[in-house]
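Report on one structure; see the data block that follows.
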Amino acid sequence: MHILSGGCQCGRIRYTVEIEQFDAYLCHCRMCQRATGGVSIAFKNVPRVNQAWETEPDRFASSPFANRLFCSACGTPLGFEYVDSPNRDITIGSFDDPSQFFPTSNFGVESRHDAWSDTSALPGQRCEDYAPLVDRWKTSGKPMP
């Protein structure tokens with residue numbers, strides 16, 4: 001078992017989870033697209049008994065049978081749960097180190113935007129190489145994340 005931690009952008013909500021494997025999935029359904037403002041979201045499905053929240057996340061009842069977990073202070077999406085399920089999905093991006101995870105399946109493919117599925121051939125730029133951003137961080141007096 002691996003014990004991992006994560007939380008929201010502002011740090012108000014923190015969690016730890018125990019997982020066996022680093023497999024994850026991408027959800028492309030319209031509900032997830034609207035909830036995140038993205039074309040998909042990456043989730044790790046974890047038994048609730050393997051999750052510990054230092055502060056309970058906020059919940060939005062996105063349907064009669066499901067909740068979206070988030071931080072109401074900074075807006076970070078943290079998860080998805082069916083109210084009657086023993087498991088809950090945790091957003092991969094909210095883990096402190098999301099690099100360990102890898103996608104093994106897609107869900108909600110009827111809403112998938114294939115143009116966004118593989119962007120690896122597009123040009124890319126590192127944040128620390130973008131002078132306007134670096135200058136803004138320097139002016140703020142805070143370190144670049």
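The values are calculated or read from the model by the stated rules, or taken from the named source; none is laboratory data. Predicted model, so just to flag it, every value in this text is computed and none were measured. Reconstructed Cβ throughout: ideal geometry from the backbone, glycine too, with neighbour counts over all protein chains shown. Quick note on the areas: whole protein, heavy atoms, side chains included, nothing else; ligands and nucleic acids left out. Shrake-Rupley method; radii C 1.70, N 1.55, O 1.52, S 1.80 Å.
Tabulated data
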quantity	calculated
Failed item in (1) in contact with a Pro (Cβ under 9 Å, 6 or more places away or on another chain); (2) in a loop (DSSP other than H, G, I, E, B), with G6 passing the rest	(2)
Listing of strands (runs of 3 or more DSSP E) fully contained in the range 19-103 that carry 2 or more residues being over 17 Å from G6 (Cβ atoms)	23-27, 58-63, 66-70
Failed item, numbered, when D89 is tested on (1) acidic (D, E); (2) open to solvent by 70 Å² or more (accessible area, probe 1.4 Å); (3) within 15 Å of Y25 (Cβ to Cβ)	(2)
Test: residue in the range 65-86 that is open to solvent by less than 70 Å² (accessible area, probe 1.4 Å) and closer than 21 Å to D118 by Cβ	no
Extreme residue, farthest from the chain's Cα centre (by Cα), among residues of the range 22-47 that are among the charged types (D, E, K, R) and surrounded by 13 or more Cβ atoms within 10 Å (Cβ to Cβ)	D23
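Table: residues versus (1) under 17 Å from Y15 (Cβ atoms); (2) touching a residue at least 40 places away in the same chain (Cβ under 8 Å); (3) among the aliphatic types (A, V, I, L, M).
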position	(1), (2), (3)
C29	no, yes, no
R34	no, no, no
V39	no, yes, yes
R48	yes, yes, no
W53	yes, yes, no
R59	yes, no, no
V83	no, no, yes
G93	yes, yes, no
